[in-house]
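Report on the structure given below.
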Amino acid sequence: MLLKAEEQPLAEWYGFKQVFTIAVAAHVAPAKFFALTYSETIAPLASKFVLHAGAEWAKIAQRIILEALDSVTIENLMAAVLLHDYAVRLGNFSNAFMLSGITTRMTQALQINLEYNTDILCQEVESNLPVTARESRRRLMWSCYIMDALVGSGVDQLTLMDERDIKIQLPCNERNFTQQVPCLTETLNPGNRLKLLPGDPDENSLSPNMGIMAYFIRHIALRKRVLRYIKHLGEAMVPWSPESEFALLDADCRAWYESLPASLQFTPDAIYIRKDTSQLGALCVLHCAHYQTICDLYRLGAPALYKLRAAFDFPPEQHEFLKHLQQVLFDAARALATIVGQTAHHGPRMLADSWLPTITYDSCRIIVYHLTQILDPREESTKTLILTTIPLLRSNIAALKSMGSLNAIANTLGCAAETMLDRSGIESEVVTHNIIPDDPYHPDEEEDTSESISGTPIQSAPDYVLNPLTIFRMARKTIPERHAPEKSGTSSAPNSVRSDPHADIERSSARVSDGRLLGGNELDAGQASLEELQTLFMSDLGWAWQPADTAVGSGIDGAGLLPWAGGYPVMQTEPWLPVFPFPQQG
């Protein structure tokens, strides 16, 4: 029973509250898994019931944290990280966005961006912090870094942490952590170690000590650079130049993927081992993160799909380079579908990470776009490719629906992906050329977005370069009183008016059903017009944006703090690209 403050000394009260807070928050994450296990093994439960499991614990933990906001402790920071993940799962993006700021300030106050002392290997007799506590603090700090990087999505204004200020080593592998074995690992920069360490240890002895989370952290740092590049194309060199930012980032993506040890490859053996050690979800997320970043980098080849501002004009002599960009984008999207599909076979809890719904949905968008816009759907080779690719789309949709018990947004994206596939017509004999699938949030009917789509905003703000599904953009939707600096004063409806995405889709479907958005021939063939698809899946504000720019990791299927993952078979000349048994198309 929770005692009142006046019934005990103040110091004892706060100590009890700290322990109680982390204990309560620790129940938030596994509550869904307990409910899911019960639903799978004992009696079926509604997905909404599973999704909201742990809600009361979360409320209590957050209330305690906010009531004692000046009590900055490791326990409260741990609880805040868990609550952030829980808020994202429930679609409470405003709460998640604000919690991300609180966690950053806590890390600064606690200074866990620095090693506790120079006794990294815990050799000093008087060391008062056990090896497990030291490693837990490192993992906590890196988890906060991941949160900040993914919430920021490459926008400097939204990013609160700088890698240069994080002077701790990367997390060790799970074996050393669980067996409390002190060890040295590398820092964020490959091949480097902490400068505070004496002597010159063998650098080759450090990398084996690094675990799955360490490689994920390095990828997140690379992803930050990719997203920042995409948001500053107006300042970038042409991508076909060997000295361009694109070429450098492309090489770094290859180098990161090739640095993965064999144990982190997405192979049958690795899948079996990681599932046995409760890290299959983490393995899936690491590889999905890689291919999603490839999609983000290679989006240069599909400016219409991504509504890129400052998109490059490819001259005729760069036609082959453009085809290369488009092919890699398509292959990466199929790789995402393959990885998600293979992981889904092992149960929905393996797809528990809250980034996966947007990644999976983006895979659908890219595939449908490539089959209808890049290729000629009337050619026999394209029809053959469509037949081999449709199972991947259906697999993505099934995976999204299975994620609904653990991620609120998954059901919405699953329905949107299914509608997109049905109306694109690629499963029928006639496929039109005018399909540009987009996200399920489109402009309010009252808004005039013609200027903001093609022109430069009157004032610059993060909104106009972010995916509508990012935490920041979703949080902005829920704020009734806010500025809209990107829009002219004469073209917008009141900012407090926002349409419900489900209602928007229903209204679009109703307009389609009575034929107002379809031409005669398209109606007969059951095909969607460009206007229909853009209305149904257009960005909510019509601004340029980049899909799946944000993410939040979860504990997935194992205990502990945010275990991350990675790997894909190395079977080709460039192992960072996927291999498929079906024909490749340009």
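Between residue 387 and residue 323, the FRET efficiency estimated from the beta carbon spacing at R0 = 22 angstrom works out to 0.50. Binning the C-alpha pair distances of segment 321-414 at 5 Å intervals from 0 yields a P(r) profile of 2, 15, 24, 23, 15, 10, 7, 3, 0 %, listed from the shortest bin outward. Out of every Cα-Cα pair that segment 92-226 contains, those further apart than 19 angstrom amount to 51 percent. If the segment from residue 272 to residue 125 were pulled out straight at 0.36 nm per residue, it would be longer than the present Cα-Cα gap by 48.8 nm. The length gained by stretching the chain between residue 243 and residue 380 to full extension, at 0.36 nm per residue less their Cα-Cα distance, is 45.4 nm. Estimated at 0.36 nm per residue, the fully extended path between residue 71 and residue 195 surpasses their Cα-Cα distance by 41.4 nm.
In terms of the mean number of neighbouring beta-carbon atoms within 10 Å, the peptides 224-237, 360-373 order highest first as 360-373, 224-237.
On the beta carbon distance between residue 94 and residue 55, with R0 = 22 Å, the FRET formula returns roughly 0.85.
Neighbour counts of C-beta atoms inside 10 Å place 100, 244, 153 in the sequence 244, 100, 153, starting with the fewest. Centre-to-centre, using Cα atoms only, segment 52-85 and segment 318-364 are separated by 33 Å.
Computed from the coordinates by the stated procedures, all read-outs in this text should not be read as laboratory data. Being a predicted model, the structure only gives us computed values, none of them experimental. Neighbour counts are summed over all protein chains in view; Cβ atoms, including those assigned to glycine, are modelled from backbone coordinates with ideal geometry.
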